[in-house]
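Data first, discussion second: the structure below is written as structure tokens.
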Amino acid sequence: MNYPSWDVPVIGGVWVIGGMAIMHIMISHFAIGGGLYLPLAEYRALRAGRQDWMPVLKGHAKFFLILTAAVGTVTGVGIWFSIGLANPEATSTLIHYFVFGWAIEWAFFLMEITAAAVYFYTFGRVSDELHLKVGWVYSITSFFTLFIINGILTFMLSPGDTWVSLAGSGTEAGAFWSAFFNPTFWPSLVLRVAACCALAGVWAFFTAARMDETKQGRLKEEFARYSVKWLVPAYLLMPVCFLLYIYQVPVGQRLLLELGTHTIGAGLFTQVTRMATMSIAGCFSLAIIAYLLAWWSPRELRFWQAVAIFLVTFASFGATEYTREMLRKPYVIGRHLYSNGVRVKDVARINQEGYLTKSIWTRPEEKTGTSPEAVLARGEMMFRGACMSCHTVDGYRGIRRLNAARDFKAIGSILTLLHDQPEDSKYNAFMPPLVGTPDEINALNTYLYSLVQPLQTPAEPAPAK
Amino acid sequence: MTNSLSAACKLPALKERGNQLYAWLNERLGLDFFVEIARHKTVPEHRYSFWYYWGGLSLFFFSVQIITGIFLLMYYHPGDGAYDSVRVITNEVAFGWLVRSFHSWSANLMVFCLMVHMFSVFFMKAYRAPREFGWWTGLGLAGMTMLFGFSGYLLPMDDLAFFATKVGIEIQKALPGAVPAWIPGSAFAQNMTNTLIDNLVQGGPSVSGMTVGRFFSLHVVILPLIFLPLLTVHILLVLRHGNAAPPSVEALPEKERRSIPFFPNFFVKDLAMWLIAFNVLLFLSAVSPWPLGPQADPWAAAPDGIHPEWYFMSQFQLLKALGEVLPGAIGEAAGATMLGVGGLLWALIPVYDTRNGGQTRAKVATAFGWFAIAVLTFLTVWGYVGVMGAGK
């Protein structure tokens with residue numbers, strides 16, 4: 001435990017990141033897709049001499065600028081804050097290896113956000129040619145922010161054999177490019193670009209729906225149908241790229257997709273399967289819904305219909321991102337760092353020396369004390385360090401609920417299973433090993449049992465009669 | 001219609017093939033007849049058009065019920081093995097949990113859509129002539145949907161299903177007890193009710209595997225046999241009379257009233273709504289798969305806070321509340337009478353609020369609709385507050 005733990009009741013730190021990330025993705029991907037949509041639409045309009053498109057595009061650009069520059073950037077910073085608090089070890093590792101990557105991304109981001117503002121405010125104030133060039137600058141810079149962040153995100157899932165073999169040796173920097181262009185980089189990039197295009201179309205439905213069909217009937221029809229076309233690449237490319245992406249995911253983690261086909265067991269046993277089902281069916285139906293509502297009767301496209309399309313997109317893209325995040329389990333950085341912040345190479349040492357031994361966030365008496373209070377406090381510290389990155393006490397993946405039907409011995413058996421990790425344990429697929437000395441694990445056992453049986457908290461299991 | 005379809009088809013060869021296929025089918029099935037109907041049917045377009053989709057959505061969820069029901073039938077065993085077969089569906093059959101969740105969630109969504117549909121029809125005054133029979137067949141379908149829900153709820157035979165059904169049946173059994181003992185025939189009425197329920201409904205003195213068999217046949221044979229013809233009549237009536245516009249729209253001059261063709265314009269939007277509804281269903285099933293509780297134990301105490309499904313909660317709470325004021329069978333009989341009278345008034349609204357009935361009656365009918373919503377909402381919330389209190 002190098003860092004203090006961040007206790008977020010009910011939803012847990014994991015959902016602070018999750019909620020923020022899903023919102024951010026819906027907007028940041030629009031920032032990239034919309035960045036291509038706007039100059040392309042302007043280019044088409046100028047080439048066809050359709051000046052009547054310009055006020056619509058300007059209105060859409062205003063909506064685009066406010067949404068991406070305000071909400072998009074705030075949620076982006078929010079992710080930084082939350083990952084730093086919820087998983088400091090992983091954040092520290094990523095900064096350590098990708099500090100220049102992030103610096104370059106921020107440089108591109110600065111150019112992107114400036115270009116977006118210039119693009120909107122120079123509508124009709126500079127020559128068409130120059131205005132369009134500003135649009136292309138935005139488009140290219142925003143794409144490169146995605147290009148870089150995609151390298152870092154995919155690294156977390158599949159860092160690649162070269163980097164993993166060097167991890168912890170001090171020479172990992174030599175494997176930067178191998179880590180960046182890791183096995184899932186390209187399929188993920190194509191998937192994300194397709195998603196960006198789809199979101200450009202989906203967000204544009206809001207602008208189309210607000211157009212007056214009696215005064216701007218033809219324009220509304222053209223704009224809505226143009227927007228539907230942006231969903232086509234996603235519809236065609238996403239299934240193929242998804243399969244390629246899944247093929248590159250390490251086999252052990254891919255198994256998570258199958259765990260939930262036969263059961264509704266709680267937690268990660270089934271969550272990945274359930275979310276993947278929602279993601280696939282949602283993406284598939286999204287394009288058909290957009291086609292039926294915005295292509296067949298574009299003039300009758302209503303605001304509530306745009307909202308409905310957006311909500312379906314939100315659910316399916318949210319499920320996709322959730323699936324991607326969960327596929328990393330039990331790691332947060334594949335084969336290097338477990339989701340609870342323990343490095344793979346440190347497991348044996350910690351089991352030997354103890355998990356709390358070097359923790360500066362644990363009081364000395366809690367580390368070694370034998371009184372029931374000290375044991376309970378030690379167990380709680382173990383819970384905070386080893387479990388709380390994924391579990392809460394009473395909310396999301398609530399440990400009290402999960403252990404409700406277990407007695408002291410049954411909880412102990414689960415902890416032993418998590419510590420020893422026998423090959424046939426299904427928990428290995430999604431839970432990191434429980435590290436620590438037998439005394440620490442017993443303290444954790446006592447603490448967990450105290451949550452379900454507060455009146456009986458034996459420090460030791462009762463001897464069998 | 002063929003032209004409209006072909007217009008979207010850009011490839012001439014494909015268009016030609018489509019026309020050939022249509023001609024071939026038309027010769028054998030007489031499709032032109034249906035096309036003629038669809039061509040002339042229009043749907044009013046106004047600010048309340050959103051409410052026209054809810055009947056179609058109810059139909060969509062009913063279709064999901066049929067399809068998922070057929071899949072569930074492949075593994076389900078009525079009778080004493082009911083619980084085990086549902087456990088196998090939920091925990092062993094590949095994606096069995098998903099099919100079961102679809103079935104259970106779509107049942108709830110169907111009831112919800114039916115209620116929205118019923119109230120939107122009510123407030124648009126679409127029960128007025130010549131649509132009275134549309135209203136009555138619709139009410140019949142709504143009542144049968146509730147029966148579908150009640151009979152299907154027991155089938156997994158877990159503890160919640162068992163005790164909720166037991167409570168529901170006990171209430172029916174107690175009703176004749178409201179008749180004072182000095183009235184001739186009161187004992188006979190009680191005995192007759194007990195005999196009927198024991199032999200016909202429960203298949204014994206208490207809820208058991210035999211009851212499951214009876215509820216199963218009601219759920220998959222008897223109710224569908226009545227429901228499907230009634231649904232056909234309801235849809236034919238809608239086709240015959242078309243969608244009603246609310247009085248405020250009907251009062252507009254002809255040139256200010258807008259409408260769109262049912263086919264393909266409205267139909268295509270209906271399809272989109274169905275797909276959106278499918279996503280809602282998928283979301284609920286994926287995020288919260290339908291659970292299976294412990295196997296029912298007739299000798300165990302009822303779990304804390306036992307309660308019926310949300311669509312029976314208002315009735316349940318009314319009976320419960322009256323039972324506290326008027327203990328015993330009298331309270332239950334009073335509650336049943338109130339429910340009966342309320343339902344009868346609801347059904348008779350087309351007779352009271354007619355086209356020529358005047359503004360006062362129209363306003364009273366609208367007020368009655370809002371009153372019904374307020375009472376249902378209040379009783380439902382009250383019921384859940386009580387259940388949560390009991391569960392603590």
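Just so you know, all these numbers are worked out from the coordinates, no wet-lab data involved. Keep in mind that this is a model prediction, so the values were computed, not measured. Neighbour counts are summed over all protein chains in view; Cβ atoms, including those assigned to glycine, are modelled from backbone coordinates with ideal geometry.
Annotation for B:TYR75 and B:TRP382: the two label points, set 7 Å from Cα along the Cα-Cβ direction, are 4.2 nm apart. Using the Cβ of A:GLU380 as centre and a radius below 15 Å, the other residues enclosed give a net charge of -2, where K and R count +1 and D and E count -1. Which one of B:LEU376, A:VAL347, A:VAL16 has its Cα pushed farthest toward the positive end of the charge dipole of the protein assembly as shown, where Lys and Arg give +1 and Asp and Glu give -1 at the Cβ? Comparing the listed Cα positions along the dipole, B:LEU376 ranks first.
By the compact-protein rule of thumb, 2.2 N^0.38 Å, the alpha-carbon radius of gyration of chain A corresponds to a ratio of 1.12.
For chain B, the longest principal axis of the alpha carbon atoms and the long axis of helix B:53-73 meet at an angle near 60°.
For A:LYS358, the lysines whose Cα comes closer than 19 Å to its Cα, not counting residues fewer than 8 places off in the same chain, are A:LYS345, A:LYS367.
Computed about its Cα centre, the charge dipole of chain B is approximately 1340 debye, with only Lys, Arg, Asp and Glu carrying charge at their Cβ. The alpha-carbon of B:LYS320 sits under 28 angstrom from the alpha-carbons of these lysines, leaving out residues fewer than 8 places away in its chain: B:LYS166, B:LYS173, B:LYS392. Rounded to a whole number, what is D in µm²/s for the protein assembly as shown from Stokes-Einstein with the Kirkwood radius over alpha-carbon pairs (25 °C, 0.890 mPa s)? D, rounded to a whole number, is 78 µm²/s. Across region A:199-221, the residues whose backbone nitrogen lies under 17 Å from the label position 7 Å along the beta-carbon direction of A:PHE310 are A:199-212.
Relative to the longest principal axis of the Cα atoms of chain A, helix A:128-157 runs at roughly 20 degrees. Remark: A:VAL240, A:VAL452 ranked as A:VAL240, A:VAL452, counting other beta-carbon atoms within 10 Å and listing the fewest first.
A simple charge model with +1 on the Cβ of Lys and Arg, -1 on the Cβ of Asp and Glu and nothing else charged puts the dipole of the protein assembly as shown at about 2240 debye relative to its Cα centre. For region A:132-170, backbone nitrogen atoms closer than 12 Å to the point 7 Å from A:LEU46 Cα along Cα-to-C-beta are found at A:132-137.
Ranking B:ILE171, B:GLN65, B:ILE37 by how far each Cα lies toward the positive end of the dipole of the protein assembly as shown (charges on Cβ) leaves B:ILE37 at the top.
Restricting the calculation to Cα atoms, region A:345-452 shows an Rg/Rh of 0.94 when the hydrodynamic-style radius is the Kirkwood one. Reported to the nearest whole Å, the Cα centre-to-centre distance from region A:126-198 to region B:328-392 is 61. For each pair in A:LYS58/A:LYS220; A:LYS133/A:LYS220; A:LYS62/A:LYS220, compute the distance between the two Cα atoms and list the pairs where it is over 23 Å. A:LYS133/A:LYS220, as the Cα separations exceed 23 Å there. Its Kirkwood hydrodynamic radius, worked out from the mean inverse distance over all distinct Cα pairs, puts region A:92-234 at 17.9 Å. Spatial offset of region B:28-50 relative to region B:122-198 amounts to 37 Å, using the alpha carbon center of each.
Take A:371-384, A:394-407 and order them by the average number of nearby Cβ atoms within 10 Å per residue, most first; the result is A:371-384, A:394-407.
Couplings for region A:171-184, taken from phi via the Karplus curve 6.51 cos²θ - 1.76 cosθ + 1.60 with θ = phi - 60°, read 10, 4, 4, x, 9, 3, 5, 5, 6, 5, 8, 6, x, 9 Hz in order; Gly and Pro are left as x. Over region B:307-392, all Cα pairs binned in 5 Å intervals from 0 give whole-percent P(r) values of 3, 13, 18, 20, 16, 11, 9, 5, 2, 1, 0, listed from short to long.
Against the longest alpha carbon principal axis of chain B, how many degrees, from 0 to 90 and to the nearest 10, is the axis of helix B:12-29 turned? Roughly 60 degrees, rounded to the nearest 10. A Förster radius of 22 Å combined with the Cβ-Cβ distance from A:ARG210 to B:GLU250 puts the calculated FRET efficiency at roughly 0.15.
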